[in-house]
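A.B. asks: The structure is given below, and queries will be raised subsequently.
None of the figures in this text is laboratory data; all of them are computed from the coordinates on show. This structure is a prediction, so every number in the text was calculated from the model and none was measured. Here the Cβ positions follow ideal geometry from the backbone for every residue, glycine too, while neighbour counts run over all protein chains shown.
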Amino acid sequence: MSWLFLVGSGVLEAVWALALGRAEGFSRLVPSIVFGVALIGSLVGLAMAMRTLPIGTAYAVWVGIGAALTVGYSMVAGEEAISPVRVVLIVALVGCVVGLKLTH
């Protein structure tokens, strides 16, 4: 169950990061609200996962999921350049996250 909390909170990390970028310094209401709700949900999920998972593993997986999803979404949306090297690096990041799960 802890891994489900962790994956969910990693997804919410990407949501709050993307919402923060769209909030324009908290001058836009809806993205600012999405940011706040996703941030709280993300941290609560991370805290729940850390009850039974090692802190280092949980934090690395949380950051890895959030970073990979944020960059991946930004590339698909055309906000960031897509290159073969970037894709390979994101795949490697996801591979490292999976490796941490498998070696736990």
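A.B. asks: Let me confirm something: among 85, 34, 30, 97, which residue is surrounded by 17 or more Cβ atoms within 10 Å (Cβ to Cβ) and over 14 Å from the mean Cα position of the chain (by Cα)?
C.D. replies: It is 34.
A.B. asks: Failed condition for residue 53, given (1) under 21 Å from residue 17 (Cα atoms); (2) touching a helix residue (DSSP H, G or I) at 6+ places or on another chain (Cβ under 9 Å); (3) part of a loop (DSSP other than H, G, I, E, B); (4) of a type outside the set (D, E, K, R), with all others met?
C.D. replies: (1)
A.B. asks: If a residue has to be β-branched (Val, Ile, Thr) and closer than 14 Å to residue 59 by Cα to count, how many in the range 95-104 make the cut?
C.D. replies: 2
A.B. asks: What about residue 35, is it in contact with a Gly (Cβ under 7 Å, 6 or more places away or on another chain), among the hydrophobic types (A, V, I, L, M, F, W, C) and assigned to a helix (DSSP H, G or I)? Explain how you work it out, then say what you get.
C.D. replies: Numbers: in contact with a Gly (Cβ under 7 Å, 6 or more places away or on another chain): no; among the hydrophobic types (A, V, I, L, M, F, W, C): yes; assigned to a helix (DSSP H, G or I): yes.
Spelling it out, it is not the case that residue 35 is in contact with a Gly (Cβ under 7 Å, 6 or more places away or on another chain), among the hydrophobic types (A, V, I, L, M, F, W, C) and assigned to a helix (DSSP H, G or I).
A.B. asks: If you don't mind, there's one more thing I want to ask. Would you point out the residue of the range 5-27, among those that are surrounded by fewer than 20 Cβ atoms within 10 Å (Cβ to Cβ) and aliphatic (A, V, I, L, M), that is farthest from residue 66 (Cα to Cα)?
C.D. replies: Keep residues of the range 5-27 that are surrounded by fewer than 20 Cβ atoms within 10 Å (Cβ to Cβ), which gives 7-8, 11, 20-27.
Applying the additional criterion that residues be aliphatic (A, V, I, L, M) yields 7, 11, 20, 23.
Details: 7: 9, 11: 6, 20: 13, 23: 18 Å.
Checking each candidate, the answer is 23.
A.B. asks: Which residue pairs have Cβ atoms closer than 9 Å, lie 6 or more positions apart in sequence or on different chains, and pair a first residue in the range 1-24 that is of a type in the set (Lys, Arg) with a second residue that is loosely packed, with under 15 Cβ neighbours inside 10 Å?
C.D. replies: Here the result reads 22/28; 22/30, each pair linking the range 1-24 to a residue that is loosely packed, with under 15 Cβ neighbours inside 10 Å.
A.B. asks: Report yes if some residue within the range 66-82 is crowded, with 17+ Cβ neighbours inside 10 Å, touching a Gly at 6+ places or on another chain (Cβ under 7 Å), touching a residue at least 12 places away in the same chain (Cβ under 8 Å) and more than 17 Å from residue 1 (Cα to Cα); otherwise report no.
C.D. replies: Checked the range 66-82: at least one residue is crowded, with 17+ Cβ neighbours inside 10 Å, touching a Gly at 6+ places or on another chain (Cβ under 7 Å), touching a residue at least 12 places away in the same chain (Cβ under 8 Å) and more than 17 Å from residue 1 (Cα to Cα).
A.B. asks: Could you check residue 46 against (1) in a helix (DSSP H, G or I); (2) surrounded by fewer than 18 Cβ atoms within 10 Å (Cβ to Cβ); (3) of a type outside the set (S, T, N, Q) and say which number it fails?
C.D. replies: Of the numbered conditions (1) in a helix (DSSP H, G or I); (2) surrounded by fewer than 18 Cβ atoms within 10 Å (Cβ to Cβ); (3) of a type outside the set (S, T, N, Q), the odd one out for residue 46 is (2).
A.B. asks: Still on this structure, please answer the following. When both residues are 6+ apart or on different chains and their Cβ atoms are under 7 Å apart, which pairs have a first residue that lies in the range 27-42 and is touching a residue at least 24 places away in the same chain (Cβ under 8 Å) and under 17 Å from residue 11 (Cα atoms), and a second that is charged (D, E, K, R) and part of a helix (DSSP H, G or I)?
C.D. replies: 42/13
A.B. asks: Oh, and also: Hey, among 27, 9, which residue is part of a loop (DSSP other than H, G, I, E, B), of a type in the set (Ser, Thr, Tyr) and out of contact with any Asp or Glu (no Cβ under 9 Å at 6 or more places or on another chain)?
C.D. replies: Working: 9 fails: part of a loop (DSSP other than H, G, I, E, B).
Result: 27 is the single residue among 27, 9 that is part of a loop (DSSP other than H, G, I, E, B), of a type in the set (Ser, Thr, Tyr) and out of contact with any Asp or Glu (no Cβ under 9 Å at 6 or more places or on another chain).
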